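A.B. asks: Quick one: this structure, given as C-alpha coordinates, is what I'll be asking you about.
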Amino acid sequence: MGTRIKRRAVVDDTACVACGCCAKVCPLSAIQIWRGVRAVVNADKCVGCGKCAKECPASVIEIQEVRP
Amino acid sequence: MKKRWYDYLWIVELTYLVLGFFNILFAWLGLLFFFIPLIIAAVRGTKGYCNRYCGRGQIFGLLGGRFGLSRKKDIPRWMKSKWFRYGFLIFFFIMFFQMLWNTYLVFAGAQDLRQVVTLLWTFKLPWNWAYHGTLFHPGAAQFAFGFYSVMLTSTVLGLVTMVLFKPRSWCVYCPMGTMTQLICKAKNRKDHTVTEQN
(Lines give C-alpha, C1' and ligand atoms only; values in the text may rest on other atoms or scores of the structure.)
Protein backbone atom coordinates (compact mmCIF):
# COMPACT_ATOMS: atom_id res chain seq x y z
CA MET A 1 0.00 0.00 0.00
CA GLY A 2 1.48 3.38 -1.01
CA THR A 3 1.65 6.05 1.62
CA ARG A 4 0.94 9.59 0.60
CA ILE A 5 3.76 11.99 1.37
CA LYS A 6 2.57 14.99 3.37
CA ARG A 7 3.87 18.41 2.48
CA ARG A 8 3.75 21.67 4.33
CA ALA A 9 4.79 25.29 3.84
CA VAL A 10 7.73 26.42 5.95
CA VAL A 11 8.53 30.13 6.36
CA ASP A 12 12.03 31.50 6.85
CA ASP A 13 11.19 33.70 9.86
CA THR A 14 14.23 35.91 9.66
CA ALA A 15 13.65 37.03 6.08
CA CYS A 16 9.84 37.30 6.07
CA VAL A 17 8.67 40.90 5.52
CA ALA A 18 5.09 40.22 6.69
CA CYS A 19 3.55 41.69 3.54
CA GLY A 20 0.67 39.23 3.62
CA CYS A 21 0.74 38.16 -0.04
CA CYS A 22 0.78 34.52 1.13
CA ALA A 23 -2.29 34.92 3.33
CA LYS A 24 -4.18 36.46 0.41
CA VAL A 25 -3.73 33.45 -1.87
CA CYS A 26 -4.04 30.59 0.63
CA PRO A 27 -7.23 28.67 -0.22
CA LEU A 28 -7.45 27.23 3.30
CA SER A 29 -6.51 30.32 5.32
CA ALA A 30 -3.69 28.23 6.71
CA ILE A 31 -1.11 31.00 6.69
CA GLN A 32 -1.49 34.27 8.52
CA ILE A 33 0.56 37.27 9.50
CA TRP A 34 1.39 37.17 13.18
CA ARG A 35 1.29 40.68 14.71
CA GLY A 36 2.84 42.35 11.69
CA VAL A 37 6.11 40.54 12.25
CA ARG A 38 6.07 37.35 10.16
CA ALA A 39 3.92 34.76 8.44
CA VAL A 40 2.90 31.76 10.51
CA VAL A 41 1.67 28.48 9.06
CA ASN A 42 -1.09 26.52 10.74
CA ALA A 43 0.32 23.01 10.44
CA ASP A 44 -3.08 21.38 10.90
CA LYS A 45 -4.64 23.23 8.01
CA CYS A 46 -1.74 23.45 5.52
CA VAL A 47 -1.76 20.84 2.76
CA GLY A 48 1.41 22.11 1.08
CA CYS A 49 -0.23 23.23 -2.18
CA GLY A 50 2.55 25.76 -2.74
CA LYS A 51 0.45 28.76 -3.75
CA CYS A 52 1.97 30.90 -0.99
CA ALA A 53 5.51 29.91 -1.92
CA LYS A 54 4.86 30.89 -5.53
CA GLU A 55 3.35 34.22 -4.54
CA CYS A 56 5.86 35.25 -1.83
CA PRO A 57 7.74 38.27 -3.26
CA ALA A 58 10.77 37.50 -1.10
CA SER A 59 10.63 33.77 -1.90
CA VAL A 60 11.08 32.83 1.74
CA ILE A 61 8.47 30.04 1.82
CA GLU A 62 9.51 26.52 1.04
CA ILE A 63 7.34 23.45 0.63
CA GLN A 64 8.86 20.64 2.66
CA GLU A 65 7.97 17.01 3.10
CA VAL A 66 6.71 16.15 6.55
CA ARG A 67 8.35 13.11 8.07
CA PRO A 68 6.00 11.18 10.33
CA MET B 1 -12.34 34.12 -3.21
CA LYS B 2 -14.90 36.81 -2.50
CA LYS B 3 -13.73 40.33 -3.23
CA ARG B 4 -13.95 42.88 -0.45
CA TRP B 5 -14.17 46.64 -0.74
CA TYR B 6 -10.50 47.01 0.10
CA ASP B 7 -9.51 44.85 -2.86
CA TYR B 8 -10.36 47.83 -5.06
CA LEU B 9 -8.05 50.32 -3.36
CA TRP B 10 -5.75 50.12 -6.38
CA ILE B 11 -8.25 52.48 -8.01
CA VAL B 12 -7.54 55.08 -5.31
CA GLU B 13 -3.78 54.73 -5.83
CA LEU B 14 -4.11 55.00 -9.60
CA THR B 15 -6.38 58.04 -9.29
CA TYR B 16 -3.81 59.65 -7.00
CA LEU B 17 -1.01 59.15 -9.51
CA VAL B 18 -3.17 60.49 -12.37
CA LEU B 19 -4.31 63.54 -10.40
CA GLY B 20 -0.68 64.57 -9.94
CA PHE B 21 -0.47 65.08 -13.69
CA PHE B 22 -3.28 67.63 -13.57
CA ASN B 23 -2.82 69.50 -10.34
CA ILE B 24 0.25 68.92 -8.24
CA LEU B 25 -1.50 70.03 -5.05
CA PHE B 26 -3.34 66.70 -4.98
CA ALA B 27 0.03 65.22 -4.00
CA TRP B 28 -0.75 66.29 -0.44
CA LEU B 29 -3.36 63.53 -0.28
CA GLY B 30 -0.46 61.07 -0.44
CA LEU B 31 0.25 61.81 3.21
CA LEU B 32 -2.65 59.43 3.90
CA PHE B 33 -0.60 56.60 2.39
CA PHE B 34 2.12 57.49 4.88
CA PHE B 35 0.12 58.05 8.02
CA ILE B 36 -2.50 55.29 7.80
CA PRO B 37 0.07 52.42 7.81
CA LEU B 38 1.96 54.05 10.67
CA ILE B 39 -1.20 54.60 12.72
CA ILE B 40 -2.36 51.01 12.16
CA ALA B 41 1.08 49.71 13.19
CA ALA B 42 1.34 51.96 16.23
CA VAL B 43 -2.20 51.47 17.48
CA ARG B 44 -3.05 47.91 16.51
CA GLY B 45 0.46 46.51 16.19
CA THR B 46 -0.21 44.93 12.81
CA LYS B 47 0.78 45.41 9.20
CA GLY B 48 -2.90 45.63 8.32
CA TYR B 49 -2.14 48.27 5.71
CA CYS B 50 0.31 46.07 3.77
CA ASN B 51 -1.84 43.00 4.27
CA ARG B 52 -5.11 44.52 3.10
CA TYR B 53 -5.27 48.12 2.09
CA CYS B 54 -2.13 48.92 0.11
CA GLY B 55 -3.32 50.06 -3.31
CA ARG B 56 0.22 50.27 -4.65
CA GLY B 57 0.82 46.60 -3.86
CA GLN B 58 -2.48 45.76 -5.53
CA ILE B 59 -1.45 47.60 -8.71
CA PHE B 60 1.81 45.62 -8.86
CA GLY B 61 -0.11 42.44 -8.11
CA LEU B 62 -2.57 43.09 -10.92
CA LEU B 63 -0.05 44.22 -13.55
CA GLY B 64 2.46 41.51 -12.71
CA GLY B 65 -0.09 38.81 -12.04
CA ARG B 66 -3.22 39.11 -14.15
CA PHE B 67 -1.59 41.18 -16.90
CA GLY B 68 1.47 38.94 -16.90
CA LEU B 69 4.02 41.75 -16.88
CA SER B 70 6.35 39.98 -14.46
CA ARG B 71 9.04 37.38 -15.05
CA LYS B 72 8.10 35.88 -11.66
CA LYS B 73 11.70 35.11 -10.80
CA ASP B 74 13.16 35.07 -7.31
CA ILE B 75 14.40 38.39 -6.00
CA PRO B 76 18.21 38.44 -5.46
CA ARG B 77 19.31 37.44 -1.98
CA TRP B 78 20.90 40.82 -1.23
CA MET B 79 17.65 42.66 -1.92
CA LYS B 80 15.89 40.87 0.90
CA SER B 81 18.78 41.20 3.34
CA LYS B 82 18.33 43.38 6.41
CA TRP B 83 21.27 45.50 5.28
CA PHE B 84 19.56 46.48 2.07
CA ARG B 85 16.10 46.91 3.58
CA TYR B 86 17.25 49.06 6.48
CA GLY B 87 19.77 50.85 4.27
CA PHE B 88 17.07 51.74 1.78
CA LEU B 89 14.84 52.95 4.61
CA ILE B 90 17.62 55.25 5.88
CA PHE B 91 18.34 56.48 2.36
CA PHE B 92 14.63 57.16 1.88
CA PHE B 93 14.54 59.10 5.14
CA ILE B 94 17.54 61.23 4.16
CA MET B 95 15.95 62.06 0.80
CA PHE B 96 12.66 62.81 2.51
CA PHE B 97 14.26 65.25 4.93
CA GLN B 98 16.13 66.88 2.09
CA MET B 99 12.76 67.40 0.42
CA LEU B 100 11.39 68.91 3.62
CA TRP B 101 14.42 71.21 3.78
CA ASN B 102 13.74 72.43 0.23
CA THR B 103 10.14 73.08 1.24
CA TYR B 104 11.34 75.07 4.22
CA LEU B 105 13.65 77.16 2.04
CA VAL B 106 10.73 78.12 -0.22
CA PHE B 107 8.56 78.93 2.80
CA ALA B 108 11.37 81.06 4.21
CA GLY B 109 11.77 82.90 0.91
CA ALA B 110 15.36 81.76 0.48
CA GLN B 111 14.60 79.75 -2.63
CA ASP B 112 12.15 80.05 -5.53
CA LEU B 113 9.53 77.44 -6.28
CA ARG B 114 10.88 74.78 -8.63
CA GLN B 115 8.12 73.29 -10.74
CA VAL B 116 9.86 69.97 -11.32
CA VAL B 117 9.27 66.37 -10.36
CA THR B 118 12.54 64.63 -9.56
CA LEU B 119 12.52 61.02 -10.65
CA LEU B 120 14.87 58.53 -8.97
CA TRP B 121 16.40 61.44 -7.00
CA THR B 122 18.25 62.49 -10.16
CA PHE B 123 16.15 63.27 -13.20
CA LYS B 124 14.34 66.58 -13.07
CA LEU B 125 11.19 66.45 -15.16
CA PRO B 126 9.48 69.75 -15.97
CA TRP B 127 6.03 69.60 -14.39
CA ASN B 128 4.81 73.19 -14.77
CA TRP B 129 1.57 72.11 -16.51
CA ALA B 130 0.29 70.77 -13.22
CA TYR B 131 0.74 74.03 -11.36
CA HIS B 132 -1.80 76.78 -11.82
CA GLY B 133 -0.88 79.08 -8.97
CA THR B 134 -2.44 78.68 -5.60
CA LEU B 135 -4.19 80.41 -2.74
CA PHE B 136 -1.58 78.84 -0.52
CA HIS B 137 2.07 79.79 -0.10
CA PRO B 138 4.40 78.55 -2.89
CA GLY B 139 6.03 76.45 -0.17
CA ALA B 140 2.88 74.31 -0.06
CA ALA B 141 3.34 73.67 -3.78
CA GLN B 142 7.03 72.90 -3.29
CA PHE B 143 6.12 70.20 -0.79
CA ALA B 144 3.59 68.82 -3.29
CA PHE B 145 6.22 68.62 -6.04
CA GLY B 146 8.65 66.96 -3.64
CA PHE B 147 6.14 64.52 -2.24
CA TYR B 148 4.86 63.57 -5.68
CA SER B 149 8.49 62.93 -6.68
CA VAL B 150 8.76 60.44 -3.82
CA MET B 151 5.54 58.70 -4.83
CA LEU B 152 6.38 58.55 -8.53
CA THR B 153 9.93 57.36 -7.86
CA SER B 154 8.72 54.51 -5.68
CA THR B 155 6.15 53.56 -8.31
CA VAL B 156 8.81 53.45 -11.02
CA LEU B 157 11.18 51.40 -8.83
CA GLY B 158 8.31 49.09 -7.94
CA LEU B 159 7.39 48.63 -11.60
CA VAL B 160 10.98 47.80 -12.54
CA THR B 161 11.33 45.15 -9.83
CA MET B 162 7.83 43.90 -10.66
CA VAL B 163 8.95 43.17 -14.21
CA LEU B 164 12.33 41.69 -13.21
CA PHE B 165 11.23 39.63 -10.21
CA LYS B 166 7.88 38.76 -8.64
CA PRO B 167 4.90 41.11 -9.01
CA ARG B 168 5.02 42.53 -5.48
CA SER B 169 8.83 42.62 -5.14
CA TRP B 170 8.47 46.25 -4.04
CA CYS B 171 6.90 44.97 -0.80
CA VAL B 172 10.24 43.39 0.13
CA TYR B 173 12.11 46.69 0.33
CA CYS B 174 9.24 49.18 0.65
CA PRO B 175 10.37 51.70 3.30
CA MET B 176 6.86 51.95 4.74
CA GLY B 177 6.68 48.17 5.03
CA THR B 178 10.08 48.01 6.71
CA MET B 179 9.12 50.81 9.07
CA THR B 180 5.74 49.31 10.04
CA GLN B 181 7.37 45.91 10.59
CA LEU B 182 9.94 47.55 12.89
CA ILE B 183 7.13 49.26 14.83
CA CYS B 184 5.26 45.94 15.13
CA LYS B 185 8.42 44.17 16.30
CA ALA B 186 9.09 46.81 18.95
CA LYS B 187 5.48 46.93 20.05
CA ASN B 188 5.12 43.18 20.37
CA ARG B 189 8.37 42.87 22.27
CA LYS B 190 7.05 45.44 24.72
CA ASP B 191 3.69 43.67 25.00
CA HIS B 192 5.51 40.44 25.73
CA THR B 193 7.49 42.03 28.51
CA VAL B 194 4.28 43.38 30.01
CA THR B 195 2.60 39.97 29.86
CA GLU B 196 5.63 38.28 31.34
CA GLN B 197 5.69 40.73 34.22
CA ASN B 198 2.05 40.06 34.99
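The values are calculated or read from the model by the stated rules, or taken from the named source; none is laboratory data. Computed from a predicted model, the values in this text were never measured in an experiment. Ideal geometry is used to build each Cβ from the backbone, glycine not excepted, and the neighbour counts take in all protein chains shown. Surface areas here come from the heavy atoms of the whole protein model, side chains and all, with no ligands, DNA or RNA. Shrake-Rupley method; radii C 1.70, N 1.55, O 1.52, S 1.80 Å.
A.B. asks: What percent does the relative contact order of chain A come to when contacts are Cα pairs within less than 8 Å and at least six residues apart?
C.D. replies: On the way: 120 pairs, mean separation 29.9, N = 68.
Worked out over chain A, it gives 44 percent.
A.B. asks: What do you get for Rg/Rh of the protein assembly as shown when both radii come from the Cα atoms and Rh is the Kirkwood radius? Spell out each step's value before the answer.
C.D. replies: Details: Rg = 20.7 Å, Rh = 20.1 Å.
Radius of gyration over Kirkwood radius for the protein assembly as shown works out to 1.03.
A.B. asks: Along the Cα→Cβ direction, 7 angstrom out, place labels at B:LYS72 and A:ILE63. What is the inter-label distance in nm?
C.D. replies: Spacing of the two 7 Å Cα→Cβ label points: 1.3 nm.
A.B. asks: Taking the Cα centre as origin and putting +1 on Lys and Arg beta-carbons and -1 on Asp and Glu beta-carbons, what dipole magnitude results for region B:58-117, to the nearest 20 debye? Each step should come with its number before you reach the end.
C.D. replies: Details: 9 positive and 2 negative charges, 118 e Å.
Rounded to the nearest 20 debye, it is 560 debye.
A.B. asks: Still on this model: How big is the gap, in Å, between the Cα center of region B:131-151 and the Cα center of region B:32-88?
C.D. replies: Between the Cα centre of region B:131-151 and that of region B:32-88, the gap is 26 Å.
A.B. asks: Next question, about the same structure. For region B:44-198, count the residues as N, evaluate 2.2 N^0.38 Å, and divide the Cα radius of gyration by that value, please. The partial results should precede the final answer.
C.D. replies: Details: Rg = 18.8 Å, N = 155, 2.2 N^0.38 = 15.0 Å.
Compared with the compact-globule rule of thumb, region B:44-198 sits at 1.26.
A.B. asks: Please list, by residue number, every one of the chymotrypsin sites (Phe, Trp or Tyr not before Pro) in region B:34-75 that is coil in DSSP and has at most 16 other beta-carbon atoms within 10 Å.
C.D. replies: Numbers: sites: B:PHE34, B:PHE35, B:TYR49, B:TYR53, B:PHE60, B:PHE67; in loops: B:PHE67.
Answer in residue order: B:PHE67.
A.B. asks: Still on this structure, please answer the following. Using a 4.7 Å Cβ cut-off, which Cys residues in chain A lack a partner cysteine?
C.D. replies: Flagged as lacking a Cys partner: A:CYS16, A:CYS21, A:CYS26, A:CYS46, A:CYS49, A:CYS56.
A.B. asks: Which whole-number percent is the relative contact order of chain B (Cα, under 8 Å, 6+ apart)?
C.D. replies: Values: 243 pairs, mean separation 66.8, N = 198.
Relative contact order for chain B comes out at 34 percent.
A.B. asks: Separate question: Return the whole-Å distance between the Cα centroid of region B:166-186 and the Cα centroid of region A:29-68.
C.D. replies: Each part reduced to its Cα centre gives a spacing of 18 Å.
A.B. asks: Under 4.7 Å Cβ to Cβ, no partner at all: give me those cysteines from chain B, in residue order.
C.D. replies: Cysteines of chain B left without a disulfide-compatible partner: B:CYS50, B:CYS54, B:CYS174, B:CYS184.
A.B. asks: Cα to Cα, under 16 Å, and not fewer than 8 places away if on the same chain: which lysines meet these conditions relative to B:LYS47?
C.D. replies: Here the lysines satisfying the reach criterion relative to B:LYS47 are A:LYS24, B:LYS185, B:LYS187.
A.B. asks: Name the residue from A:CYS26, B:GLY177, B:TRP83 whose Cα lies farthest towards the positive end of the charge dipole of the protein assembly as shown, charges +1 on Cβ of Lys and Arg and -1 on Cβ of Asp and Glu.
C.D. replies: A:CYS26
A.B. asks: Taking a probe of 1.4 Å, how large is the accessible area per residue of chain B, in Å²?
C.D. replies: Details: 11100 Å² over 198 residues.
Accessible area per residue, chain B: 56 Å².
A.B. asks: Using every Cα-Cα pair within region A:6-66, state what percent have a distance larger than 14 Å.
C.D. replies: On the way: 812 of 1830 pairs.
In whole percent, the share of Cα-Cα pairs in region A:6-66 beyond 14 Å is 44.
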